[in-house]
């Protein structure tokens with residue numbers, strides 16, 4: 001579907017990727033008090049091992065170019081069956097790219113996640129993003145996602161999108 005630049009390999013994340021994603025600037029930014037990106041990454045990898053989440057990594061000759069996750073069942077305390085119900089609805093999240101990485105790699109990661117979702121029997125993929133990120137909202141819509149809910153959060157409004165992937 002999309003033409004990915006040469007020498008980009010998309011694979012499942014492994015434990016050594018946790019620190020690499022942080023060091024290479026793929027994940028980062030402010031977190032709630034008491035949390036670190038290292039702890040979050042280890043939690044995600046544990047959820048992947050338990051089958052509740054899939055983490056994909058795109059790697060090129062410069063290192064990790066991007067990552068994306070597909071959450072089949074949200075962690076305890078985050079019950080939202082419209083976003084991820086453990087059966088036929090899963091949430092795409094943490095689409096993060098290294099600064100300067102090709103947008104085509106992001107498109108390919110989104111494609112790969114949707115293919116994995118189909119293989120698991122998922123019929124609807126959801127995605128949530130801050131409404132203040134207008135370019136990102138436009139990108140999500142260009143992938144065929146439609147807005148279905150808006151929710152306030154401490155730092156602004158979140159828009160929830162969904163897409164049927166039958």
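Here 85, 79 are screened, and the one residue that is farther than 22 Å from residue 11 by Cα and in contact with a strand residue (DSSP E or B) (Cβ under 8 Å, 6 or more places away or on another chain) is 85. Under the condition of being modelled with pLDDT of 95 or more and on the phi > 0 side of the Ramachandran plot, the residues counted in the stretch 127-166 number 1. Has the stretch 63-83 got any residue that is more than 22 Å from residue 126 (Cβ to Cβ) and either surrounded by fewer than 19 Cβ atoms within 10 Å (Cβ to Cβ) or without any contact (Cβ under 8 Å) to a residue 40 or more places away in the chain (or both)? Taking every residue of the stretch 63-83 in turn, at least one turns out to be more than 22 Å from residue 126 (Cβ to Cβ) and either surrounded by fewer than 19 Cβ atoms within 10 Å (Cβ to Cβ) or without any contact (Cβ under 8 Å) to a residue 40 or more places away in the chain (or both).
The values are calculated or read from the model by the stated rules, or taken from the named source; none is laboratory data. Bear in mind that the values here come from a model prediction, so they are computed numbers and not experimental data. Cβ atoms come from the backbone with ideal geometry, glycine included; neighbour counts cover every protein chain shown.
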